[in-house]
Amino acid sequence: MRRKFIAGNWKMNLDRASAIALAQQLAERSSHIEGVDLAVFPPSLYVDAVAQALAGSRVAWGVQNVYHQPNGAFTGEISVAMVKDLGCRYAILGHSERRHILGETDEMVNKKVHAVLDGGLTPIVCVGETIDERESGRTMEVIERQVNGSLAGLDAAQIRRTVIAYEPVWAIGTGKNATPAQAEEVHLALRKILADRYNSEIAQSVCIQYGGSVKASNARELLSQPDIDGALVGGASLKADEFLGIVAGALA
Ligand code: PEP
(Lines give C-alpha, C1' and ligand atoms only; values in the text may rest on other atoms or scores of the structure.)
Protein backbone atom coordinates (compact mmCIF):
# COMPACT_ATOMS: atom_id res chain seq x y z
CA MET A 1 0.00 0.00 0.00
CA ARG A 2 1.54 3.31 -1.12
CA ARG A 3 1.45 6.23 1.31
CA LYS A 4 -0.06 9.48 0.11
CA PHE A 5 2.44 12.34 -0.29
CA ILE A 6 1.30 15.97 -0.40
CA ALA A 7 3.95 18.51 -1.41
CA GLY A 8 3.66 22.30 -1.54
CA ASN A 9 5.69 24.12 -4.18
CA TRP A 10 5.86 27.74 -3.06
CA LYS A 11 7.62 28.74 -6.29
CA MET A 12 9.00 32.34 -6.34
CA ASN A 13 6.49 33.65 -3.78
CA LEU A 14 6.39 35.01 -0.21
CA ASP A 15 8.98 36.99 1.68
CA ARG A 16 11.11 35.69 4.54
CA ALA A 17 8.67 36.60 7.31
CA SER A 18 5.60 35.18 5.54
CA ALA A 19 7.47 31.99 4.60
CA ILE A 20 8.38 31.45 8.26
CA ALA A 21 4.82 32.25 9.38
CA LEU A 22 3.33 29.78 6.89
CA ALA A 23 5.81 27.09 7.97
CA GLN A 24 4.97 27.67 11.63
CA GLN A 25 1.25 27.33 10.95
CA LEU A 26 1.76 24.12 9.00
CA ALA A 27 4.02 22.69 11.72
CA GLU A 28 1.49 23.39 14.45
CA ARG A 29 -1.63 22.39 12.58
CA SER A 30 -0.23 19.12 11.18
CA SER A 31 1.05 17.72 14.46
CA HIS A 32 -1.86 15.26 14.81
CA ILE A 33 -1.87 14.12 11.16
CA GLU A 34 -0.91 10.49 10.56
CA GLY A 35 -0.67 8.34 7.47
CA VAL A 36 0.40 10.93 4.91
CA ASP A 37 3.80 12.41 4.06
CA LEU A 38 4.04 16.20 3.87
CA ALA A 39 6.70 18.51 2.44
CA VAL A 40 7.08 22.13 1.38
CA PHE A 41 9.43 23.70 -1.15
CA PRO A 42 10.22 27.32 -0.30
CA PRO A 43 12.37 29.60 -2.46
CA SER A 44 15.96 28.42 -1.85
CA LEU A 45 16.91 31.61 -0.02
CA TYR A 46 14.30 30.89 2.65
CA VAL A 47 14.91 27.17 3.06
CA ASP A 48 17.15 27.65 6.08
CA ALA A 49 14.63 29.81 7.93
CA VAL A 50 11.72 27.52 6.99
CA ALA A 51 13.74 24.48 8.10
CA GLN A 52 14.12 26.00 11.55
CA ALA A 53 10.36 26.57 11.75
CA LEU A 54 9.61 23.00 10.64
CA ALA A 55 12.29 21.15 12.63
CA GLY A 56 10.75 18.32 14.63
CA SER A 57 7.37 18.68 12.88
CA ARG A 58 5.48 16.35 10.54
CA VAL A 59 6.44 18.54 7.56
CA ALA A 60 9.65 17.90 5.62
CA TRP A 61 11.21 20.41 3.25
CA GLY A 62 13.10 20.51 0.00
CA VAL A 63 14.21 22.68 -2.90
CA GLN A 64 12.57 23.54 -6.21
CA ASN A 65 15.71 22.88 -8.23
CA VAL A 66 19.37 21.95 -7.82
CA TYR A 67 22.46 21.75 -10.04
CA HIS A 68 24.09 18.44 -10.87
CA GLN A 69 27.73 19.44 -10.31
CA PRO A 70 29.12 19.06 -6.77
CA ASN A 71 30.82 22.49 -6.60
CA GLY A 72 32.83 24.98 -8.64
CA ALA A 73 32.37 27.85 -11.05
CA PHE A 74 28.60 27.63 -11.63
CA THR A 75 27.40 31.11 -10.73
CA GLY A 76 23.93 31.22 -9.28
CA GLU A 77 23.54 27.46 -8.87
CA ILE A 78 23.25 25.36 -5.70
CA SER A 79 24.58 21.85 -5.15
CA VAL A 80 23.06 18.73 -3.63
CA ALA A 81 25.52 18.94 -0.73
CA MET A 82 24.35 22.50 0.05
CA VAL A 83 20.76 21.37 -0.01
CA LYS A 84 21.55 18.44 2.28
CA ASP A 85 23.34 20.79 4.61
CA LEU A 86 20.00 22.53 5.19
CA GLY A 87 18.25 19.26 6.03
CA CYS A 88 16.35 18.98 2.76
CA ARG A 89 14.95 15.55 2.03
CA TYR A 90 13.57 16.26 -1.46
CA ALA A 91 14.31 18.16 -4.66
CA ILE A 92 11.73 18.97 -7.33
CA LEU A 93 13.32 18.44 -10.75
CA GLY A 94 12.12 19.21 -14.27
CA HIS A 95 9.14 21.30 -13.20
CA SER A 96 7.31 22.50 -16.31
CA GLU A 97 8.24 26.11 -15.54
CA ARG A 98 11.90 25.12 -15.61
CA ARG A 99 11.42 23.09 -18.78
CA HIS A 100 9.35 25.67 -20.66
CA ILE A 101 10.55 29.03 -19.31
CA LEU A 102 14.17 28.20 -18.42
CA GLY A 103 14.87 25.66 -21.16
CA GLU A 104 15.63 22.54 -19.14
CA THR A 105 15.86 19.42 -21.25
CA ASP A 106 15.33 15.79 -20.29
CA GLU A 107 19.09 15.35 -20.45
CA MET A 108 19.67 18.16 -17.93
CA VAL A 109 16.94 16.82 -15.67
CA ASN A 110 18.45 13.36 -15.87
CA LYS A 111 21.85 14.60 -14.64
CA LYS A 112 20.13 16.29 -11.72
CA VAL A 113 18.13 13.16 -10.89
CA HIS A 114 21.35 11.14 -10.66
CA ALA A 115 23.07 13.79 -8.54
CA VAL A 116 20.12 13.98 -6.14
CA LEU A 117 19.85 10.19 -5.80
CA ASP A 118 23.63 9.85 -5.36
CA GLY A 119 23.36 12.43 -2.58
CA GLY A 120 20.75 10.34 -0.77
CA LEU A 121 17.82 12.69 -1.39
CA THR A 122 14.49 11.96 -3.06
CA PRO A 123 13.87 13.56 -6.46
CA ILE A 124 10.34 14.55 -7.44
CA VAL A 125 10.54 14.40 -11.22
CA CYS A 126 7.85 16.32 -13.10
CA VAL A 127 6.45 15.30 -16.47
CA GLY A 128 3.46 16.58 -18.40
CA GLU A 129 2.11 17.56 -21.78
CA THR A 130 1.16 21.00 -23.11
CA ILE A 131 -2.37 21.71 -24.31
CA ASP A 132 -1.25 21.44 -27.96
CA GLU A 133 0.31 18.06 -27.30
CA ARG A 134 -2.87 16.83 -25.58
CA GLU A 135 -5.17 18.15 -28.29
CA SER A 136 -3.08 16.55 -31.02
CA GLY A 137 -3.24 13.16 -29.25
CA ARG A 138 0.42 13.10 -28.25
CA THR A 139 0.06 13.02 -24.44
CA MET A 140 1.31 9.46 -23.96
CA GLU A 141 4.17 9.91 -26.43
CA VAL A 142 5.35 13.04 -24.59
CA ILE A 143 5.07 11.41 -21.17
CA GLU A 144 7.00 8.36 -22.31
CA ARG A 145 9.75 10.49 -23.86
CA GLN A 146 10.07 12.59 -20.69
CA VAL A 147 10.12 9.55 -18.40
CA ASN A 148 12.65 7.69 -20.51
CA GLY A 149 14.85 10.78 -20.88
CA SER A 150 14.61 12.20 -17.36
CA LEU A 151 14.90 8.83 -15.65
CA ALA A 152 17.50 7.28 -17.96
CA GLY A 153 20.00 4.97 -16.32
CA LEU A 154 18.18 4.53 -13.01
CA ASP A 155 18.50 1.04 -11.56
CA ALA A 156 15.69 -0.69 -9.67
CA ALA A 157 16.78 0.60 -6.27
CA GLN A 158 16.99 4.17 -7.60
CA ILE A 159 13.59 4.19 -9.30
CA ARG A 160 12.00 2.95 -6.05
CA ARG A 161 13.43 6.04 -4.32
CA THR A 162 12.09 8.40 -7.01
CA VAL A 163 8.77 10.24 -6.95
CA ILE A 164 7.15 11.10 -10.29
CA ALA A 165 4.77 14.05 -10.55
CA TYR A 166 2.36 14.08 -13.48
CA GLU A 167 1.66 17.75 -14.09
CA PRO A 168 -0.18 18.60 -17.31
CA VAL A 169 1.21 22.00 -18.28
CA TRP A 170 -2.27 23.31 -19.17
CA ALA A 171 -3.46 22.62 -15.63
CA ILE A 172 -0.64 24.35 -13.75
CA GLY A 173 -1.66 27.65 -12.22
CA THR A 174 -4.72 27.88 -14.48
CA GLY A 175 -7.43 26.83 -12.05
CA LYS A 176 -8.35 24.13 -14.60
CA ASN A 177 -7.38 20.76 -13.15
CA ALA A 178 -7.28 17.53 -15.11
CA THR A 179 -10.40 15.52 -14.40
CA PRO A 180 -9.80 12.54 -12.10
CA ALA A 181 -10.32 10.27 -15.13
CA GLN A 182 -7.79 12.19 -17.28
CA ALA A 183 -5.21 12.12 -14.50
CA GLU A 184 -5.81 8.46 -13.67
CA GLU A 185 -5.39 7.51 -17.33
CA VAL A 186 -1.90 9.04 -17.43
CA HIS A 187 -0.91 7.65 -14.02
CA LEU A 188 -1.87 4.19 -15.23
CA ALA A 189 0.19 4.75 -18.39
CA LEU A 190 3.15 5.80 -16.23
CA ARG A 191 2.90 2.54 -14.28
CA LYS A 192 2.85 0.63 -17.56
CA ILE A 193 6.01 2.43 -18.71
CA LEU A 194 7.67 1.54 -15.39
CA ALA A 195 6.44 -2.07 -15.60
CA ASP A 196 7.92 -2.41 -19.09
CA ARG A 197 11.23 -0.84 -18.03
CA TYR A 198 11.50 -2.63 -14.67
CA ASN A 199 8.71 -4.94 -13.52
CA SER A 200 5.14 -4.69 -12.27
CA GLU A 201 6.10 -4.89 -8.59
CA ILE A 202 8.36 -1.85 -9.00
CA ALA A 203 5.71 -0.06 -11.08
CA GLN A 204 3.26 -0.54 -8.24
CA SER A 205 5.70 0.69 -5.61
CA VAL A 206 6.63 4.07 -7.15
CA CYS A 207 4.87 7.14 -5.74
CA ILE A 208 3.17 9.11 -8.55
CA GLN A 209 1.74 12.50 -7.61
CA TYR A 210 -0.69 14.56 -9.64
CA GLY A 211 -0.14 18.32 -9.94
CA GLY A 212 -2.18 21.02 -11.64
CA SER A 213 -4.67 23.28 -9.87
CA VAL A 214 -5.19 20.92 -6.94
CA LYS A 215 -7.17 22.63 -4.18
CA ALA A 216 -9.11 21.63 -1.10
CA SER A 217 -12.32 21.38 -3.11
CA ASN A 218 -11.04 18.92 -5.74
CA ALA A 219 -8.38 17.02 -3.76
CA ARG A 220 -10.57 14.22 -2.52
CA GLU A 221 -11.84 13.05 -5.90
CA LEU A 222 -8.39 13.32 -7.51
CA LEU A 223 -6.62 11.56 -4.64
CA SER A 224 -9.17 8.76 -4.45
CA GLN A 225 -8.09 7.50 -7.89
CA PRO A 226 -6.27 4.18 -7.50
CA ASP A 227 -3.03 5.28 -9.17
CA ILE A 228 -2.80 8.83 -7.78
CA ASP A 229 -0.57 8.75 -4.71
CA GLY A 230 -0.55 12.37 -3.73
CA ALA A 231 -0.36 15.90 -5.02
CA LEU A 232 2.24 18.48 -5.97
CA VAL A 233 0.47 21.72 -5.13
CA GLY A 234 1.43 25.21 -6.26
CA GLY A 235 -0.93 28.14 -5.60
CA ALA A 236 -3.04 26.38 -2.99
CA SER A 237 0.04 25.55 -0.91
CA LEU A 238 0.55 29.24 -0.08
CA LYS A 239 -2.41 29.23 2.31
CA ALA A 240 -2.36 26.94 5.34
CA ASP A 241 -6.13 26.34 5.24
CA GLU A 242 -6.09 25.27 1.60
CA PHE A 243 -3.00 23.11 1.94
CA LEU A 244 -4.35 21.37 5.04
CA GLY A 245 -7.70 20.99 3.25
CA ILE A 246 -5.88 19.07 0.52
CA VAL A 247 -4.19 16.93 3.15
CA ALA A 248 -7.64 16.20 4.63
CA GLY A 249 -8.77 15.16 1.14
CA ALA A 250 -5.90 12.69 0.98
CA LEU A 251 -6.97 11.12 4.25
CA ALA A 252 -10.70 10.96 3.46
C1 PEP B 1 2.94 23.32 -9.38
O2 PEP B 1 3.52 24.33 -9.05
O3 PEP B 1 3.60 22.28 -9.54
C4 PEP B 1 1.51 23.35 -9.58
C5 PEP B 1 0.88 22.25 -9.85
O6 PEP B 1 0.87 24.59 -9.46
P7 PEP B 1 -0.71 24.84 -9.23
O8 PEP B 1 -1.14 23.92 -8.11
O9 PEP B 1 -0.81 26.29 -8.85
O10 PEP B 1 -1.41 24.51 -10.49
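The values are calculated or read from the model by the stated rules, or taken from the named source; none is laboratory data. Everything quoted here is computed from the prediction, not taken from an experiment. Reconstructed Cβ throughout: ideal geometry from the backbone, glycine too, with neighbour counts over all protein chains shown. To get the accessible areas, we keep the full protein, side chains included, count just its heavy atoms, and leave off ligands, DNA and RNA. Shrake-Rupley method; radii C 1.70, N 1.55, O 1.52, S 1.80 Å.
Step by step: first the residues of region 23-33, then only those that are touching a residue at least 60 places away in the same chain (Cβ under 8 Å) and open to solvent by less than 10 Å² (accessible area, probe 1.4 Å), then the one that is nearest to the ligand (Cβ to nearest atom). Which residue is that?
Out of the qualifying residues, it is L26.
Do any residues in region 86-101 that are touching a residue at least 60 places away in the same chain (Cβ under 8 Å) have Cβ atoms under 9 Å from those of residues that are of a type in the set (K, R), where the two are at least six apart or on different chains, and which pairs are they?
Taking only residues 6 or more apart or on different chains, the pairs are I92/R98; H95/K11; E97/K11.
Restricting the search to region 216-237, which residues are more than 15 Å from the chain's Cα centre (by Cα) and either within 13 Å of the ligand (Cβ to nearest atom) or more than 16 Å from V163 (Cβ to Cβ) (or both)?
Hits for region 216-237 are A216, S217, N218, A219, R220, E221, L222, S224, Q225, P226.
Looking at (1) more than 17 Å from the chain's Cα centre (by Cα); (2) open to solvent by less than 40 Å² (accessible area, probe 1.4 Å), can you tell me which one R145 breaks?
(2)
Exactly one condition in (1) in a loop (DSSP other than H, G, I, E, B); (2) within 16 Å of the ligand (Cβ to nearest atom); (3) in contact with a helix residue (DSSP H, G or I) (Cβ under 9 Å, 6 or more places away or on another chain); (4) not hydroxyl-bearing (S, T, Y) is false for Q69; which is it?
(2) is the only condition that Q69 fails.
Tell me yes or no: at least one residue of region 85-105 is open to solvent by less than 20 Å² (accessible area, probe 1.4 Å), under 22 Å from A51 (Cα atoms) and over 17 Å from the mean Cα position of the chain (by Cα).
Scanning region 85-105 turns up no residue that is open to solvent by less than 20 Å² (accessible area, probe 1.4 Å), under 22 Å from A51 (Cα atoms) and over 17 Å from the mean Cα position of the chain (by Cα).
Among T130, T139, T105, which is the only one that is in contact (Cβ under 8 Å) with a residue 40 or more places away in the chain and in contact with an Asp or Glu (Cβ under 7 Å, 6 or more places away or on another chain)?
Step by step, each of T130, T139, T105 is checked, and only T139 is in contact (Cβ under 8 Å) with a residue 40 or more places away in the chain and in contact with an Asp or Glu (Cβ under 7 Å, 6 or more places away or on another chain).
Give the number of residues within region 214-233 that are open to solvent by 20 Å² or more (accessible area, probe 1.4 Å) and closer than 22 Å to P42 by Cα.
Selection size over region 214-233: 2.
Of everything in region 174-197 that's away from the ligand (no atom under 15 Å from the Cβ) and open to solvent by 40 Å² or more (accessible area, probe 1.4 Å), which residue is farthest from E141 (Cα to Cα)?
Here the residue is A181.
Taking interchain pairs and intrachain pairs at least six residues apart, which have beta carbon atoms under 6 angstrom, with the first residue in region 34-47 and open to solvent by 10 Å² or more (accessible area, probe 1.4 Å) and the second outside any loop (DSSP other than H, G, I, E, B)?
Final answer for the pair search is D37/F5; S44/V63; Y46/R16; Y46/A19.
Give V116, V125 a once-over and let me know the one that is among the aliphatic types (A, V, I, L, M), open to solvent by less than 10 Å² (accessible area, probe 1.4 Å) and within 14 Å of the ligand (Cβ to nearest atom).
Only one candidate passes the filter, namely V125.
Being surrounded by fewer than 13 Cβ atoms within 10 Å (Cβ to Cβ) and out of contact with any Gly (no Cβ under 9 Å at 6 or more places or on another chain) is the filter here; which residues of region 70-81 pass it?
If the condition is that a residue be surrounded by fewer than 13 Cβ atoms within 10 Å (Cβ to Cβ) and out of contact with any Gly (no Cβ under 9 Å at 6 or more places or on another chain), then N71, G72, A73, F74, T75, G76 are the ones that fit.
Condition check: at pLDDT 95 or above, surrounded by fewer than 18 Cβ atoms within 10 Å (Cβ to Cβ) and over 19 Å from the mean Cα position of the chain (by Cα). Does S18 satisfy that?
yes
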